[in-house]
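Input: a single structure, listed below in structure tokens.
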Amino acid sequence: MPEAPKITQKPTDYSLELKNKKTLQFIEDVTSNADEVQRKVLEEILARNAHVEYLQTHGLNGHTDRESFKKIMPVITYEDVQPHVERIANGDMSPILCSKPISEFLTSSGTSGGERKLMPTIEEELGRRSLLYSLLMPVMSQFVPGLDKGKGMYFLFIKSEAKTPGGLVARPVLTSYYKSSHFKDRPYDPYTNYTSPNETILCPDSYQSMYSQMLCGLCQHKEVLRVGAVFASGFIRAIKFLEKHWRTLCNDIRTGTIDSQITDQSVREAVMKILKPDPKLADFIEAECSKSSWQGIITKLWPNTKYVDVIVTGTMSQYIPTLDYYSNGLPLVCTMYASSECYFGVNLNPLCKPSEVSYTLIPTMAYFEFLPVQRNNGVTNSISVPKTLNEKEQQELVDLVDVKLGQEYELVVTTYSGLYRYRVGDVLRVAGFKNKAPQFNFICRKNVVLSIDSDKTDEVELQHAVKNAVNHLLPFDATLAEYTSYADTTTIPGHYVLYLELSLNGTTPIPPSVFEDCCLTIEESLNSVYRQGRVCDRSIGPLEIKIVEPGTFDKLMDYAISLGASINQYKTPRCVKFAPIVELLNSRAVSSYFSPKCPKWFPGHKQWGTMN
Ligand code: AMP
């Protein structure tokens, strides 16, 4: 066959280059004019929503300037906006928060009262999300050339959805995005060319979805140039899945047939377009997977992989060593920072070390403000952010271009879909600037003590859960002296560990089943995102209780004080992360118990009754 004339190749390369250039220019423009763009964004949001009930009740009176907005509108948390959200969820279609119709609710992994928060959204937000996604590959291509010459193997999943009493859909933001035409009907683009057919991503059964995506990824192993998932935990789950199922996968590749457990017809059809009998490939995978060490398995099975695209900032940093092990130290790339409320920004230096990742907020996404926060640099490393802000504190918020290098802030957003001066709950530190736009290190999510996957458990929830659990010990005359917790990610999936020190007054020994009941009670008491992770996604392992010797928490205090904590102010940390402290606790553990079964979990909110 004659070689295709070079000329047919050229225009594609050329147009891609041009497209990339335009995108990078867009980033230059909006970051150079960050303040002006922010002014316009706020003006636009306030002008089109001038008549919505929320702004009218507060008396904004059609003003669209920053000064009036900041003077009149309060800085709020979810609990403030929740009554309005509930009215919309119950079917009130009047313009309460937003002049455009609320198209659905995005169920955040942040919780309130144990349930996922509901974020209103409007149709056009999908365009804004797509825009942020479209920035990622042109940025990446500056550092890694040739990414248009192959595919991305991304493990992407949808989660269950529910209907509010008023009939709106409520689902996670990524489920909404993958099910939208922006993703499903995307035109061919070498940068969104994935090994997973849409049908495998959109399959609601998580086993079938993972199996079929892995199968397609293996079949196209030589074409894969980058691998990833949204969060590090999800990618590690995929490797673990391969560890468990490679024999069946190899069998499918050898014979060119799909395992009978994959019953979804659309998935089978989509996979059959890719799967061909390939005994050589099956032998190769089998040989690699049956080796005793899986170190570098990614680079072996997908030899052309240039980087691993997963979020490893924030609590996900706990997975870096595991990822390094499986990928033989390939670059770990964190490309973006986003939430259900709104998508925020991108990493303009994607090959930097995970500890140096900073996100440049894109000024067109929303109107951003920043509340300065102080950090107590004690052992607990807690962050002091006022719960409700007084007038003086409300005045302390600064605009995007006015943040100071090195200072930490809580992010506050005003979105196109009806959130005004809303505290997202994330703490960010200014690491530098791209033109006028600041670049932020993600520091932490305020108040969160434990997280394995997308679960975010705070101190109050944990306290409440532990209190419920220790009721099981009362008949044995045992009381809780002290406790702390640890997110153990050395197991896959990771799991919560609770260290309990007990005061035992009774003489009857406590049977293991009672401690197991304690484990389950804690799980039942935790929020719905945690329970969903346990039950549905299996992304969190059974909770463990470790009973420690009497006097352990005194030792913990001595240790903290030796590190510089103040005796007077010392409080037992309700979560530990520092390896020597975990070691100290483990060395004094006398017994360990696991939750014997999964806690209860149902899709939707408990207030909504039975779900579809
Ligand atoms: P959700 O509301 O469930 O979409 O979760 C959004 C939250 O996930 C954000 O507010 C952050 O706390 C966290 N998150 C999102 N992107 C990143 C990132 N790149 N690095 C660290 N945390 C992130």
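Some points to look at:
- Any hit, the range 587-610, residues being surrounded by 12 or more Cβ atoms within 10 Å (Cβ to Cβ), of a type outside the set (Val, Ile, Thr) and free of Cβ contacts under 8 Å to residues at least 12 places away in the same chain: yes
- Residue in the range 132-172 that is most open to solvent (accessible area, probe 1.4 Å), counting only those that are under 30 Å from residue 87 (Cα atoms) and more than 24 Å from the chain's Cα centre (by Cα): 165
- Between 85, 81, the distinction of being without any contact (Cβ under 8 Å) to a residue 40 or more places away in the chain and within 16 Å of the ligand (Cβ to nearest atom) belongs to 85 only.
- Flag: residue 405 matches the condition of being away from the ligand (no atom under 16 Å from the Cβ) and touching a residue at least 24 places away in the same chain (Cβ under 8 Å).
- Scan the range 108-125 for residues that are within 13 Å of the ligand (Cβ to nearest atom) and among the aliphatic types (A, V, I, L, M) and the total you get is 2.
- Subset of the range 418-457 [away from the ligand (no atom under 14 Å from the Cβ) and open to solvent by 30 Å² or more (accessible area, probe 1.4 Å)]: 433, 434, 435, 436
- Test for residue 225: is it away from the ligand (no atom under 16 Å from the Cβ), touching a strand residue (DSSP E or B) at 6+ places or on another chain (Cβ under 6 Å) and at pLDDT 95 or above: no
- Qualifying residue in the range 387-398 (condition: within 16 Å of the ligand (Cβ to nearest atom) and modelled with pLDDT of 95 or more): no
- The C-beta contact set for the range 44-62 (first residue farther than 15 Å from residue 84 by Cβ, second residue part of a loop (DSSP other than H, G, I, E, B) and of a type in the set (Ser, Thr, Tyr), distance under 6 angstrom, 6+ apart or interchain) comprises 45/416; 46/64; 47/64; 48/99.
- In the range 404-417, the count of residues that are crowded, with 22+ Cβ neighbours inside 10 Å and under 22 Å from residue 489 (Cβ atoms) is zero.
- Residue match in the range 89-100 (condition: modelled with pLDDT of 95 or more, in a helix (DSSP H, G or I) and either open to solvent by 40 Å² or more (accessible area, probe 1.4 Å) or not hydroxyl-bearing (Ser, Thr, Tyr) (or both)): yes
- Here residue 448 qualifies as within 28 Å of the chain's Cα centre (by Cα), in contact (Cβ under 8 Å) with a residue 40 or more places away in the chain and within 19 Å of residue 357 (Cβ to Cβ).
- Of the helices (runs of 4 or more DSSP H) that lie entirely inside the range 251-319, those containing 2 or more residues that are more than 30 Å from residue 329 (Cα to Cα) and of a type in the set (Val, Ile, Thr) span 265-272.
- Failed condition for residue 462, given (1) within 16 Å of the ligand (Cβ to nearest atom); (2) open to solvent by less than 10 Å² (accessible area, probe 1.4 Å): (1)
- Residue in the range 487-508 that is within 29 Å of residue 352 (Cβ to Cβ) and within 16 Å of the ligand (Cβ to nearest atom) present: yes
- Sole exception among (1) open to solvent by 20 Å² or more (accessible area, probe 1.4 Å); (2) within 16 Å of the ligand (Cβ to nearest atom) for residue 307, by number: (1)
The values are calculated or read from the model by the stated rules, or taken from the named source; none is laboratory data. Predicted, not measured: the structure shown is a model, and the values here were computed from it. Cβ coordinates were reconstructed from backbone atoms using ideal geometry, including for glycine residues, and neighbour counts include every protein chain displayed. The accessibility values were calculated without ligands, DNA or RNA, using every heavy atom of the protein model including side chains. Shrake-Rupley method; radii C 1.70, N 1.55, O 1.52, S 1.80 Å.
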